[in-house]
Amino acid sequence: MSASRYRIVQSSAASRVAATLGLIVLAALVLAPYWAGRSDLRLLGEILLYLSLASLWNLLAGYAGLVSVGQQAFVGLGGYALFGLTIFGGLNPIVAVLAAGVIGGLVAMPVAALIFRLRGAYFAIGTWVMAEVFRLVAAQVSALGGGSGTSLPTAVVQSIADGRDAREATSYWLALAMAVLVLAVIYAVLRSRKGLALTAIRDNELAARSLGIDIWRTKFTIYVIVGALTAAVGALIFLQKLRISPDAAFSVNDWTAFVIFIVVIGGIGTVEGPIIGVIVFFLLRETLADLGTTYLIILGTFAIGVMLLAPKGLWGMVRARSDIQLFALRRKVVAKLKD
Amino acid sequence: MDWLNAIVQGCLLGGLYALFAAGLSLIFGVMRLVNIAHGDLIVLAAYLGLTVTGALGLHPLMSLLIVIPAMALIGYVLQRGILNRTIGDDLLAPLLVTFGLSVILQNGLLEVFSADPQKMNAGALETASIPVGGITLGVLPVLMFLTAVGVIAGLQWMFYHTALGRAFRATSDNQAIAQLMGLNRAHVFGLAMALALAVTGIAGVFLGIRTSFDPSIGGGRLIFGFEAVIIGGLGNLWGTLLGGIILGVSQAVGAQINPGWQLLAGHIAFLVLLAVRPKGLFPRMDG
């Protein structure tokens with residue numbers, strides 16, 4: 001029974017097919033500015049940004065067990081960082097997006113140190129308090145319009161790219177690059193040692209601790225990574241909107257409720273879940289948006305129904321039947337047949 | 001004198017926050033459930049009060065006779081119908097389901113009552129005041145504060161001196177054994193939620209008399225209640241009252257310094273206390 005007779009594989013036939021298909025879809029998305037109209041391109045950009053937010057929230061809640069209802073804190077922080085850095089710092093907007101990510105990560109550290117003192121559901125509401133603090137502070141910054149907000153100056157907007165079409169295409173490509181980056185980071189984290197620790201924590205925190213995993217540090221690292229990337233996504237969201245106000249930037253409905261619904265409907269704790277969820281969410285939105293508030297009532301009911309009847313979401317239902325996995329994350333021990 | 005006045009008014013406002021928090025504290029104590037829709041249920045109670053006063057021409061305080069039983073009934077049905085299915089080791093399910101409820105309630109209220117701010121008219125009660133020393137106490141804030149003290153004393157008595165309270169404490173300590181002793185867990189939880197929402201009914205009606213309200217303000221009320229619970233210490237009802245008072249005073253003092261800092265001062269007081277005393281001032285149970 002020597003160890004060399006066994007090896008560990010992470011990929012499967014399904015994951016290799018999915019990777020190929022994924023590359024084809026990615027190529028089509030890269031070329032989108034050449035085949036999609038302006039409104040379709042905007043919608044695609046929005047979908048990609050929501051995919052990023054949902055995947056990040058899923059990493060936080062589904063893997064690290066940090067159920068936050070306050071990620072709007074980082075979305076808003078990123079947005080305000082973009083506006084502050086471009087208007088007062090004179091930074092190029094694209095550089096400012098990266099800087100917003102760095103700021104998000106730096107801010108996430110003291111925030112984590114404080115709210116990690118709260119457990120479980122109280123942690124969740126603690127994150128919301130944090131977001132409220134950020135919103136109220138933003139409303140006090142009169143240089144950025146105080147409570148009523150401000151628009152991105154024309155000079156800054158023009159520095160993104162020349163002409164409206166080029167600008168919209170750049171903004172879309174940035175959203176696409178962000179979504180790819182987010183998925184790549186999540187994939188890399190989950191395949192690493194840290195990811196293995198994370199999966200262990202997700203499955204049983206007590207058992208994971210007894211195996212010597214430093215739970216606090218693992219969670220802290222994830223919280224900071226997610227905070228940084230969420231702030232960068234937030235910067236991109238408001239680079240697309242070109243206007244920011246405290247209520248829009250720190251909206252619990254837009255940046256947390258919808259994101260949670262996406263993850264829950266798609267399947268929490270899987271990388272595939274948010275992708276499925278975001279597709280379902282936008283299909284529902286595009287068909288039901290005319291109903292206004294009724295649409296949100298339907299969405300809330302749908303999410304409650306999924307949580308009660310199929311707590312693992314749509315992707316969980318697929319996996320219960322076929323055990324398929326599109327991202328090569330699970331480790332399997334395979335016996336070597338030849339020697 | 002302005003400062004003393006701010007502190008006294010803040011204390012009285014703390015009574016309202018304690019009313020927001022008492023229901024939250026009760027259901028957490030009994031079933032470890034944190035209800036994200038709690039604030040929206042407070043707003044729902046305010047709208048119920050508004051509808052009852054409008055339809056029957058009653059004084060807002062008299063509307064409590066209908067609002068309290070109605071909220072209790074909603075609580076029992078909500079718990080037995082939906083929330084009991086989410087109770088278990090998994091924290092995520094109750095959190096996400098109550099988040100969904102919150103969105104449904106908010107948009108349901110928006111559909112029926114529109115986004116226009118509403119307010120209940122309590123007539124002379126709103127402006128009546130008693131001069132005490134150099135400051136003037138509004139009758140309404142004093143009434144709110146005394147109600148909060150009464151509600152918390154009542155809950156405390158119920159918890160430690162009645163059969164229902166014993167059932168609550170038993171289920172809180174160990175659900176499985178309470179079940180073996182012949183308690184119906186689902187029913188006990190239903191009653192706990194009914195009681196919690198009865199208190200929420202009182203909080204909602206007072207909220208609606210004190211300030212104008214609209215469907216979107218639920219989240220803010222949830223946060224105030226939550227802060228009061230954490231500051232006071234989990235599972236300690238008198239602590240919750242003290243938490244409400246600390247929050248109210250911080251806000252009043254903040255507003256005294258700069259009107260824009262009112263809410264911010266309350267949140268910062270909460271965060272400072274969290275940093276210094278993570279378990280709250282007088283904790284009775286672990287989170």
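The values are calculated or read from the model by the stated rules, or taken from the named source; none is laboratory data. Remember, predicted model here, so these are calculated numbers, not experimental data. Note that we place each Cβ from the backbone using ideal geometry, even for glycine, and neighbour counts take in every protein chain shown.
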* Just one of (1) touching a Leu at 6+ places or on another chain (Cβ under 8 Å); (2) modelled with pLDDT of 90 or more; (3) loosely packed, with under 14 Cβ neighbours inside 10 Å trips up residue B:153, so point out which. => (1)
* To do: Determine which member of the set B:272, B:229 is surrounded by fewer than 20 Cβ atoms within 10 Å (Cβ to Cβ) and within 12 Å of chain A (Cβ to nearest Cβ).
  => B:272
* Structure fact -> residue A:69 fails exactly one of (1) surrounded by 21 or more Cβ atoms within 10 Å (Cβ to Cβ); (2) over 27 Å from residue A:312 (Cβ atoms), namely (2)
* Asked: Looking at the stretch A:229-265, which of its residues are of a type in the set (Gly, Ala, Ser), under 13 Å from residue A:73 (Cβ atoms) and away from chain B (no Cβ under 12 Å)?
  -> A:231, A:234, A:249
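Table: residues versus (1) assigned to a helix (DSSP H, G or I); (2) surrounded by 12 or more Cβ atoms within 10 Å (Cβ to Cβ); (3) charged (D, E, K, R); (4) at pLDDT 80 or above.
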site	(1), (2), (3), (4)
A:7	no, no, yes, no
A:11	no, yes, no, no
A:14	yes, yes, no, no
A:20	yes, no, no, yes
A:23	yes, no, no, yes
A:28	yes, no, no, yes
* Looking at A:199, A:221, which one is polar (S, T, N, Q), at pLDDT 90 or above and surrounded by fewer than 21 Cβ atoms within 10 Å (Cβ to Cβ)? -> A:221
* **Out of B:197, B:207, B:222, sole residue that is within 14 Å of chain A (Cβ to nearest Cβ), under 30 Å from residue B:52 (Cα atoms), under 14 Å from the mean Cα position of the chain (by Cα) and assigned to a helix (DSSP H, G or I)** => B:222
* Would you mind telling me which numbered condition in (1) surrounded by fewer than 19 Cβ atoms within 10 Å (Cβ to Cβ); (2) modelled with pLDDT under 90; (3) away from every other protein chain (no Cβ under 14 Å); (4) touching a helix residue (DSSP H, G or I) at 6+ places or on another chain (Cβ under 9 Å) residue B:187 fails? => (2)
* Looking at the stretch A:62-72, is at least one residue in a helix (DSSP H, G or I) and of a type in the set (A, V, I, L, M)? -> no
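For every residue, the table says whether it meets (1) over 30 Å from residue B:220 (Cβ atoms); (2) not polar (S, T, N, Q).
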{"residue": "A:90", "(1), (2)": "yes, yes"}
{"residue": "A:104", "(1), (2)": "no, yes"}
{"residue": "A:124", "(1), (2)": "no, yes"}
{"residue": "A:140", "(1), (2)": "no, no"}
{"residue": "A:144", "(1), (2)": "no, yes"}
{"residue": "A:170", "(1), (2)": "yes, no"}
* Asked: So which residues in the stretch A:271-308 are β-branched (Val, Ile, Thr) and away from chain B (no Cβ under 14 Å), if there are any at all?
  -> A:271, A:275, A:276, A:278, A:279, A:280, A:287
* Go through (1) of a type in the set (Ser, Thr, Tyr); (2) more than 14 Å from every other protein chain (Cβ to nearest Cβ); (3) under 18 Å from residue B:228 (Cα atoms) one by one and return the number of the condition residue A:154 breaks. => (3)
* Which condition does residue A:133 not pass, out of (1) surrounded by fewer than 16 Cβ atoms within 10 Å (Cβ to Cβ); (2) of a type outside the set (Asp, Glu); (3) farther than 24 Å from residue A:39 by Cβ, if it passes all the others? -> (1)
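Here is a yes/no grid of residues against (1) under 19 Å from residue B:102 (Cβ atoms); (2) modelled with pLDDT of 80 or more; (3) of a type in the set (Lys, Arg):
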| residue | (1), (2), (3) |
| --- | --- |
| A:293 | yes, yes, no |
| A:299 | yes, yes, no |
| A:310 | no, yes, no |
| A:327 | no, no, no |
* Output yes when any residue across the stretch A:315-322 is at pLDDT below 80, over 13 Å from residue A:266 (Cα atoms) and in a strand (DSSP E or B), and no when none is. => no
* Out of the stretch A:116-140, which residues are aliphatic (A, V, I, L, M) and either away from chain B (no Cβ under 11 Å) or part of a helix (DSSP H, G or I) (or both)? -> A:121, A:124, A:125, A:129, A:130, A:131, A:133, A:136, A:137, A:138, A:139
* To do: May I ask you to verify whether residue B:251 is at pLDDT 90 or above and within 14 Å of chain A (Cβ to nearest Cβ)?
  => yes
* Asked: Give me the pairs: first residue in the stretch A:291-305 and closer than 16 Å to residue A:277 by Cα, second residue polar (S, T, N, Q), beta-carbon distance under 7 Å, and six or more apart or on different chains, which are they?
  -> A:296/B:107
* Would you point out the residue of the stretch A:282-309, among those that are assigned to a helix (DSSP H, G or I) and among the small types (Gly, Ala, Ser), that is nearest to residue B:40 (Cα to Cα)? => A:300
